[in-house]
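Have a look at the structure below before the remarks.
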């Protein structure tokens, strides 16, 4: 990417490094040009590629759905309206099948989560060197184009879901009911320390599992694409096409799983034991 011959290890590290902005060792603010610089920037560093690409994909999502809504007709629908209606019906059936309470937020949230994560995951199907090469020509040292391979993005989404779960748990059951569920089950009031430990782990495991499942699967898929790119050209086409076709299932499934677990967790928050 830089005009120099990279070893396999350097090539892999380059493609897995985010474009990070933060405070440099000399006290100035700018882009990190190495993994070491990015690490030294600390907590307040921002992965610009993850943030910008995720927001751009979100804008594309809103534009497409807004356009479909403006052009919606009760007559013979066009291709875009058919596509959007199919997604909305799919999400509606998923919510009806997993969410038994009444909350008007859940269906739009599920639609947003599924469509947004699917778009982010689909970036994994863009040729591995294309966008990083364009970024390098523009003077950028790194560009990681799949937001869901960044744990900051997956944990950000899962923490947002976790906050909603806690909020509705307290709103529906009351603060006392929420604390009671954490401390009085499954062993009753005499097993309070064990109850708190088991239920606390179960509660914290929800956002962690959401984030790590999405990140782990997408990161592994990205790594395989990078490894295929290191092979001779004629071997790349032999392996990359089947893997890309199979990966379409993975990127869709991961978006569906994240959405479904969000619905299930919110349904649990709306019911008392």
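The values are calculated or read from the model by the stated rules, or taken from the named source; none is laboratory data. These figures come from a predicted structure and were not determined experimentally. No Cβ is skipped: glycine too gets one built from the backbone with ideal geometry, and neighbour counts run over all protein chains shown.
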**Fill in**
Checked against (1) at pLDDT below 95; (2) buried (at least 21 other Cβ atoms within 10 Å of the Cβ); (3) under 16 Å from the mean Cα position of the chain (by Cα), residue 125 satisfies every condition except (2)
**Asked** Which condition does residue 271 not pass, out of (1) modelled with pLDDT of 90 or more; (2) outside any helix (DSSP H, G or I), if it passes all the others?
**Response** (1)
**Asked** What do you reckon, is residue 43 closer than 22 Å to residue 120 by Cβ and out of contact with any helix residue (DSSP H, G or I) (no Cβ under 9 Å at 6 or more places or on another chain)?
**Response** no
**Prompt:** Which residue pairs have Cβ atoms closer than 7 Å, lie 6 or more positions apart in sequence or on different chains, and pair a first residue in the range 143-155 that is more than 11 Å from residue 15 (Cα to Cα) with a second residue that is part of a loop (DSSP other than H, G, I, E, B) and at pLDDT below 95?
**Reply:** 150/18; 150/144
**Prompt:** Can you name every residue in the range 198-218 that is within 19 Å of residue 122 (Cβ to Cβ) and surrounded by fewer than 18 Cβ atoms within 10 Å (Cβ to Cβ)?
**Reply:** 213, 216
**Asked** Which numbered condition trips up residue 1, out of (1) modelled with pLDDT under 90; (2) surrounded by 10 or more Cβ atoms within 10 Å (Cβ to Cβ); (3) in a helix (DSSP H, G or I)?
**Response** (3)
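Does at least one position in the range 9-18 carry a residue that is touching a strand residue (DSSP E or B) at 6+ places or on another chain (Cβ under 8 Å) and at pLDDT 90 or above? So that I can check it myself, show each step before the final result.
The initial filter retains those residues of the range 9-18 that are touching a strand residue (DSSP E or B) at 6+ places or on another chain (Cβ under 8 Å), namely 18.
If we keep only those that are at pLDDT 90 or above as well, we get 18.
Scanning the range 9-18 turns up at least one residue that is touching a strand residue (DSSP E or B) at 6+ places or on another chain (Cβ under 8 Å) and at pLDDT 90 or above.
Answer with yes or no whether residue 224 is free of Cβ contacts under 8 Å to residues at least 24 places away in the same chain and either within 28 Å of residue 152 (Cβ to Cβ) or touching a strand residue (DSSP E or B) at 6+ places or on another chain (Cβ under 9 Å) (or both).
Values: free of Cβ contacts under 8 Å to residues at least 24 places away in the same chain: yes; either within 28 Å of residue 152 (Cβ to Cβ) or touching a strand residue (DSSP E or B) at 6+ places or on another chain (Cβ under 9 Å) (or both): yes.
Considered against the rule, which asks whether it is free of Cβ contacts under 8 Å to residues at least 24 places away in the same chain and either within 28 Å of residue 152 (Cβ to Cβ) or touching a strand residue (DSSP E or B) at 6+ places or on another chain (Cβ under 9 Å) (or both), residue 224 comes out as yes.
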**Message:** Looking at the range 36-53, I want the residues that are farther than 19 Å from residue 149 by Cα and have a partner that is loosely packed, with under 14 Cβ neighbours inside 10 Å with Cβ atoms under 6 Å, at least 6 apart or on another chain. Which pairs are those?
**Reply:** 40/25
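When the residues of the range 36-95 are narrowed to those that are part of a helix (DSSP H, G or I) and touching a strand residue (DSSP E or B) at 6+ places or on another chain (Cβ under 7 Å), which ends up surrounded by the most Cβ atoms within 10 Å (Cβ to Cβ)?
First pass over the range 36-95, keeping only residues part of a helix (DSSP H, G or I): 36-40, 48-70, 79-95.
Subset that is touching a strand residue (DSSP E or B) at 6+ places or on another chain (Cβ under 7 Å): 38, 48.
Values: 38: 20, 48: 18.
Looking at the filtered set, the residue picked out is 38.
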**Request:** For the range 135-150, name all the residues that are assigned to a loop (DSSP other than H, G, I, E, B) and in contact with a helix residue (DSSP H, G or I) (Cβ under 8 Å, 6 or more places away or on another chain).
**Result:** 142, 143, 144, 145, 146, 150
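Before we move on, is residue 101 more than 13 Å from the chain's Cα centre (by Cα), in a helix (DSSP H, G or I) and surrounded by fewer than 20 Cβ atoms within 10 Å (Cβ to Cβ)? Before the answer, list the steps.
Working: more than 13 Å from the chain's Cα centre (by Cα): yes; in a helix (DSSP H, G or I): no; surrounded by fewer than 20 Cβ atoms within 10 Å (Cβ to Cβ): yes.
Taking the combined requirement at face value, the residue does not satisfy it.
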